[in-house]
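One structure is given here, and the rest of the page talks about it.
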């Protein structure tokens, strides 16, 4: 089987000839290894390792000629000792919103950044966000050139997936998690109205995914799962758009959708599994609250599991520790298929290539069905 065939077989909860291995390599490690941070660099690193590319920075794009008074712009505010502060301004006819983003504060990991000022400073600012989103919905048209190019380039060696942030994460990115959680209590009706608009934007992206050649969509819900919301609040503010995305993708043969989650997800898992997504990741060790073995036992017959390999070992551990970690993951989840060996979170920039290679080698030796 080809790497792509193995991956898609596992997503269908089948047993391929070999467990697929796809450490979560993204821009940071690709940049450290190749000096570049685009999807081609991510794919290049996977080819170096013999793993299957999956979670690279690929997706559907949109062209949007916004109407009069709408738009956005960015500028460099300050550059000092490798650290950059950039300002982004969102314009609407009724006012503008500004955010600040800082990057380069870690010399050995220069792509790490942090938004230090969010667009929405108070609940009254949400009306400007709503107006901007509505205008985007009016004029946006999909541009599938990047994902098509990635899909054609990777061929059978990788899975050029479409990544998409959830409706809830769109609000979090504008407000910050702490303030957004406060808004859930103080103005829930306003948040519901915003989520309805954000969900329409998500649906537009899903429709574009269904038109493009890529087979897999990963839906990022980590803002919601990592926020510490109660199951009731999660069901009210985050679950509906997850279920809608799963429903849309499930209707099209040959298309698959999964969820990227972080944090303590044990109490949320029954709801997430009931949406009938095809896979769920990442079952991180340090912040999670359910073992890979237990997740496999309870939910392994309903969806594909991805993740749980401790990313810290890749940076701080030895080759032997990386081998033992890969063996543990195989022991806990490979039986019967429906498992992809993925790291419990992003591969850190200071990960060791020899540890990543050990991960792949163990699977080639011990991960055959």
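Which of the residues belonging to the stretch 330-363 are over 27 Å from residue 225 (Cα atoms) and touching a strand residue (DSSP E or B) at 6+ places or on another chain (Cβ under 7 Å)?
Answer for the stretch 330-363, where residues must be over 27 Å from residue 225 (Cα atoms) and touching a strand residue (DSSP E or B) at 6+ places or on another chain (Cβ under 7 Å): 359, 360, 363.
Looking at the stretch 186-206, can you tell me whether even one residue there is assigned to a strand (DSSP E or B) and in contact with a strand residue (DSSP E or B) (Cβ under 8 Å, 6 or more places away or on another chain)? Before you say what the answer is, go through the steps one by one.
Step one: list which residues in the stretch 186-206 are assigned to a strand (DSSP E or B), which gives none.
The answer is no; no qualifying residue exists.
A quick yes/no check of all residues on (1) over 30 Å from residue 357 (Cβ atoms); (2) free of Cβ contacts under 8 Å to residues at least 60 places away in the same chain; (3) in contact with a helix residue (DSSP H, G or I) (Cβ under 7 Å, 6 or more places away or on another chain); (4) not assigned by TED's automatic domain parsing to the domain that holds residue 314:
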position: 33; (1), (2), (3), (4): no, no, yes, no
position: 37; (1), (2), (3), (4): no, no, yes, no
position: 41; (1), (2), (3), (4): no, yes, yes, no
position: 77; (1), (2), (3), (4): yes, yes, no, yes
position: 80; (1), (2), (3), (4): yes, yes, no, yes
position: 87; (1), (2), (3), (4): yes, yes, no, yes
position: 108; (1), (2), (3), (4): no, no, no, yes
position: 115; (1), (2), (3), (4): yes, no, no, yes
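Which of (1) touching a helix residue (DSSP H, G or I) at 6+ places or on another chain (Cβ under 7 Å); (2) over 25 Å from residue 161 (Cβ atoms); (3) assigned to a loop (DSSP other than H, G, I, E, B) is the odd one out, the single condition residue 277 does not satisfy?
So the condition that residue 277 fails would be (2).
Does residue 214 satisfy the condition of being modelled with pLDDT of 95 or more, in a loop (DSSP other than H, G, I, E, B) and under 16 Å from the mean Cα position of the chain (by Cα)? Explain how you work it out, then say what you get.
Numbers: modelled with pLDDT of 95 or more: yes; in a loop (DSSP other than H, G, I, E, B): yes; under 16 Å from the mean Cα position of the chain (by Cα): yes.
Taking the combined requirement at face value, the residue satisfies it.
Is it fair to say residue 210 is closer than 25 Å to residue 141 by Cβ, buried (at least 21 other Cβ atoms within 10 Å of the Cβ) and touching a residue at least 40 places away in the same chain (Cβ under 8 Å)? Walk me through how you get there before you give the answer.
Values: closer than 25 Å to residue 141 by Cβ: yes; buried (at least 21 other Cβ atoms within 10 Å of the Cβ): no; touching a residue at least 40 places away in the same chain (Cβ under 8 Å): yes.
Spelling it out, it is not the case that residue 210 is closer than 25 Å to residue 141 by Cβ, buried (at least 21 other Cβ atoms within 10 Å of the Cβ) and touching a residue at least 40 places away in the same chain (Cβ under 8 Å).
Does the stretch 124-141 include one or more residues that are over 30 Å from residue 234 (Cα atoms) and either in contact with a strand residue (DSSP E or B) (Cβ under 7 Å, 6 or more places away or on another chain) or assigned to a helix (DSSP H, G or I) (or both)? Break it down stepwise before answering.
Residues of the stretch 124-141 that are over 30 Å from residue 234 (Cα atoms), as a first pass: 139, 141.
Then keep just the ones that are either in contact with a strand residue (DSSP E or B) (Cβ under 7 Å, 6 or more places away or on another chain) or assigned to a helix (DSSP H, G or I) (or both); that gives 139, 141.
Yes, the conditions are met somewhere in the stretch 124-141.
Only one of these conditions is not met by residue 223: (1) modelled with pLDDT of 95 or more; (2) in a helix (DSSP H, G or I); (3) touching a helix residue (DSSP H, G or I) at 6+ places or on another chain (Cβ under 7 Å). Which number is it?
Only one criterion is unmet by residue 223, namely (1).
Which residue is surrounded by the most Cβ atoms within 10 Å (Cβ to Cβ), if the candidates are limited to the stretch 226-235 and must be modelled with pLDDT of 95 or more and touching a helix residue (DSSP H, G or I) at 6+ places or on another chain (Cβ under 8 Å)? Can you show your working first?
Initial filter on the stretch 226-235 (modelled with pLDDT of 95 or more): 231-235.
Next cut, touching a helix residue (DSSP H, G or I) at 6+ places or on another chain (Cβ under 8 Å) only: 231, 233-235.
Numbers: 231: 14, 233: 17, 234: 22, 235: 13.
The extreme case among them is 234.
Does residue 134 fit the bill of being surrounded by fewer than 20 Cβ atoms within 10 Å (Cβ to Cβ) and either within 19 Å of the chain's Cα centre (by Cα) or within 20 Å of residue 4 (Cα to Cα) (or both)?
Details: surrounded by fewer than 20 Cβ atoms within 10 Å (Cβ to Cβ): yes; either within 19 Å of the chain's Cα centre (by Cα) or within 20 Å of residue 4 (Cα to Cα) (or both): no.
Criteria not met by residue 134.
So which of 314, 303 ends up being in contact (Cβ under 8 Å) with a residue 24 or more places away in the chain, under 15 Å from residue 345 (Cα atoms) and surrounded by 15 or more Cβ atoms within 10 Å (Cβ to Cβ)?
On the way: 303 fails: under 15 Å from residue 345 (Cα atoms).
Unique residue meeting the criteria: 314.
Starting from residues that are within 13 Å of residue 11 (Cα to Cα) and touching a helix residue (DSSP H, G or I) at 6+ places or on another chain (Cβ under 7 Å), keep the ones in the stretch 317-340 and report whichever is surrounded by the fewest Cβ atoms within 10 Å (Cβ to Cβ). Outline the logic, then answer.
Just the residues of the stretch 317-340 that are within 13 Å of residue 11 (Cα to Cα), to begin with: 334, 336-340.
Next, from what is left, pick out any that are touching a helix residue (DSSP H, G or I) at 6+ places or on another chain (Cβ under 7 Å): 337-340.
On the way: 337: 17, 338: 26, 339: 27, 340: 25.
Filtering first and then ranking leaves 337.
The values are calculated or read from the model by the stated rules, or taken from the named source; none is laboratory data. Values in this document were obtained by computation on a predicted structure and should not be read as measured data. Cβ sites come from the backbone with ideal geometry, for glycine too, and all protein chains shown count toward neighbours.
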